[in-house]
Ligand code: G6Q
């Protein structure tokens with residue numbers, strides 16, 4: 001048996017953490033948050049600080065979390081992942097059987113990458129991207145009238161949409177003049193219609209992104225958009241770009257202006273730093289900014305090899321999450337960015353975390369008897385403060401929180417109103433929330449009393465730039481991978497989302513009345529007919 005496979009709840013550190021969780025550190029006692037504690041419970045990457053004094057931990061919890069990391073070989077597993085071990089599999093069962101090498105795609109800045117072949121493939125795609133972007137800038141690629149392209153529509157779904165969209169929105173402040181990106185993902189025809197009606201297609205490129213080249217929503221939307229081009233008298237192959245798996249059914253250069261490749265060792269939700277994100281980000285913010293984004297991610301990939309959890313931010317974040325999930329038994333995690341630019345980042349994290357770690361069996365196919373990934377949710381502050389923070393402060397469910405904030409804004413446009421700038425108001429709100437959740441507030445009126453003792457961490461950086469965005473992305477990707485390694489689950493497959501695809505085929509066969517529509521589930525099952533009838537469709 002592979003020595004990496006372990007039962008986390010059988011490790012000595014697991015039992016020790018259980019005992020410690022009987023009396024966890026109280027955040028709401030007087031003087032709980034001393035300056036010394038706040039200074040000591042700080043961890044860094046090149047650009048981020050993690051302030052974690054407001055977690056329900058003390059020195060002995062941290063020491064035991066370190067033991068859990070050591071006993072489960074967390075950093076050893078991470079290194080094996082980076083060097084190409086086949087970690088995406090379930091031992092003894094038919095499953096995916098793949099390497100997990102999204103880190104290799106950004107390991108472009110060192111002479112000795114961990115996986116030279118995968119990094120060479122990524123470098124080749126980056127070089128193709130640079131040539132394409134230079135051709136656009138140099139006027140060698142234009143529309144049929146010789147005019148430049150100003151807009152790009154990204155057609156993709158899931159991992160081929162959420163991450164790229166989140167990062168594009170996060171870095172919109174760095175857009176080149178006149179360049180805008182739009183997104184079509186949902187098979188709801190209104191998604192495409194709303195985007196298409198706003199655009200002058202003659203100045204618009206279309207980037208079709210599908211690793212498999214077979215996803216129903218994406219193939220349908222591609223055809224719908226191609227149709228709009230034909231109706232406008234435009235030749236789609238002059239406008240359409242492809243990002244797809246080498247050799248996929250979409251890998252057909254005749255149909256596209258340029259084709260870029262991704263590889264089966266990069267999972268969809270881990271693919272933003274491949275050409276899946278690269279093409280649209282390069283178009284929008286330029287090649288150099290895209291490289292800075294990769295460099296930020298790569299910095300974290302390297303720092304995450306450090307076995308000392310106090311010096312390894314993603315590993316520490318992973319362990320604090322495990323402490324809250326498995327030992328304090330909190331079922332959800334709120335990620336609350338105090339940055340409008342991160343408006344879709346939590347949606348991306350939801351996929352990254354819940355699709356990776358929403359698993360009930362271990363890497364041997366055995367049912368686990370401990371909790372795995374939490375429910376992840378969140379919205380940018382301060383908007384959230386005027387909505388769901390009520391429950392965070394006074395609800396019966398305790399929600400651990402990861403706050404994200406920046407000291408400076410992106411656009412450098414601000415104004416002092418009532419003695420403070422908007423940025424100061426934003427940061428003041430952020431820090432106040434961290435303290436209020438921890439300390440609470442006594443009041444004789446029970447309706448105005450705040451119990452406190454609600455744990456949170458704060459990720460803080462100077463400014464949201466391409467480099468810090470790359471770091472933030474890799475912090476979360478790596479946190480999620482570390483949690484999977486410690487829980488002994490496969491964080492890299494997604495059988496749970498396959499079922500929906502199969503079932504929809506069954507329904508579609510009935511709705512379209514076309515016998516060739518593929519149906520995998522028994523389409524004569526009484527419940528299929530019953531639900532169609534109840535919906536008024538049969
Ligand atoms: C992500 C998932 C999934 C995938 C989409 C799109 O990890 O595998 O969200 O990204 O289903 O798949 P294609 O890129 O193959 O169209």
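Bear in mind these aren't lab numbers, they're just calculated from the coordinates by the rules spelled out. All of these numbers come straight from a predicted model, not from anything done at the bench. For neighbour counting, all protein chains shown are included, and Cβ atoms are generated from backbone atoms with ideal geometry for every residue, glycine included.
Can you tell me the order of 429-442, 222-235 when each peptide is scored by its average per-residue count of other Cβ atoms within 10 angstrom, highest first?
Per-residue mean Cβ counts within 10 Å order the peptides as 429-442, 222-235.
Report the extension gain between residue 37 and residue 71 in nm, rounded to one decimal, defined as 0.36 nm multiplied by the number of residues separating them, less their alpha carbon distance.
This chain segment gains 9.6 nm when fully extended.
Give the calculated FRET efficiency between residue 364 and residue 419 to the nearest 0.05, with a Förster radius of 60 Å applied to their Cβ-Cβ distance.
It comes out at approximately 0.45.
Which length gain, in nm to one decimal place, applies between residue 60 and residue 512 when the Cα-Cα distance is subtracted from 0.36 nm times their residue separation?
So the extension gain works out to 156.5 nm.
How big is the Kirkwood radius of the chain, worked out from every pair of different alpha carbons and given in Å to one decimal?
Result for the chain, one decimal place: 24.9 Å.
Could you compute how fast the range 21-143 diffuses translationally, taking Rh as the Kirkwood radius over C-alpha pairs and applying Stokes-Einstein at 20 °C with viscosity 1.002 mPa s? Give it in µm² per second.
111
Which of rounded, prolate, oblate describes the range 1-61, given a ≥ b ≥ c as roots of the alpha-carbon gyration tensor eigenvalues and a/c under 1.5 marking rounded, otherwise prolate only if a/b is larger than b/c?
oblate
Given a Förster distance of 22 Å, report the FRET efficiency between residue 29 and residue 332 from their Cβ-Cβ distance, rounded to the nearest 0.05.
0.30
With a cut-off of 15 Å, note down the residues of the range 329-353 whose backbone N falls inside the zone around a label point 7 Å from the Cα of residue 191 toward its beta carbon.
347-348, 351
Quick one: order 239, 182 by neighbouring beta-carbon count within 10 Å, fewest to most.
182, 239
If one takes the longest principal axis of the Cα atoms in the chain, at what angle in degrees, from 0 to 90 and to the nearest 10, does the Cα axis of helix 345-357 lie?
That helix lies at roughly 80 degrees to the long axis.
Determine the percent antiparallel among the DSSP beta bridges restricted to the chain, to the nearest 5.
Approximately 25 percent, going by the DSSP bridge assignments.
Rounded, prolate or oblate: which fits the range 333-474, taking a ≥ b ≥ c as square roots of the Cα gyration tensor eigenvalues, rounded meaning a/c under 1.5, else prolate when a/b beats b/c?
oblate
As a test of the formula, what do you get for the chain when each DSSP H run with n ≥ 4 contributes -39,500 (n - 2.57) and the sum is divided by the residue count, at 222 nm and rounded to the nearest 500 deg cm²/dmol?
Result for the chain: -12500 deg cm²/dmol, rounded to the nearest 500.
Can you give the Kirkwood hydrodynamic radius for the range 81-124, in Å, rounded to one decimal and based on Cα pairs?
11.1
With label points built 7 Å along Cα→Cβ from the Cα atoms of residue 408 and residue 130, find their separation and express it in nm.
According to this spin-label approximation, the distance is 2.8 nm.
Would you calculate the separation in nanometres between label points at residue 463 and residue 212, each defined as 7 Å from the Cα along the Cα-to-beta-carbon direction?
Label at residue 463, label at residue 212, 4.2 nm between them.
Assign one of three labels to the range 178-310, namely rounded, prolate or oblate, based on the Cα gyration tensor with a ≥ b ≥ c the square roots of its eigenvalues; rounded applies when a/c is under 1.5, prolate when it is not and a/b is larger than b/c, and oblate otherwise.
prolate
Would you mind giving the three semi-axes, in whole Å and largest first, of the ellipsoid equivalent to the range 168-256 according to its Cα gyration tensor?
Sorted largest first and rounded, they come to 20, 17, 14 Å.
Return the distance in nm (one decimal) between the two label points of a simple spin-label model at residue 390 and residue 444, each offset 7 Å from Cα along Cα→Cβ.
It works out to 2.6 nm between the two label points.
Post the alpha-carbon centroid distance, the range 396-454 to the range 45-108, in whole angstrom.
Rounded to whole Å, the Cα centres lie 31 Å apart.
I need the peptides 341-348, 85-92, 531-538, 156-163 ranked by packing, meaning the mean over residues of other C-beta atoms within 10 angstrom, with the highest value on top.
Taking the mean over residues of other Cβ atoms within 10 Å, the ranking is 156-163, 341-348, 85-92, 531-538.
Find how many whole Å separate the alpha carbon centroid of the range 490-505 from the alpha carbon centroid of the range 174-250.
A separation of 24 Å, based on Cα centres.
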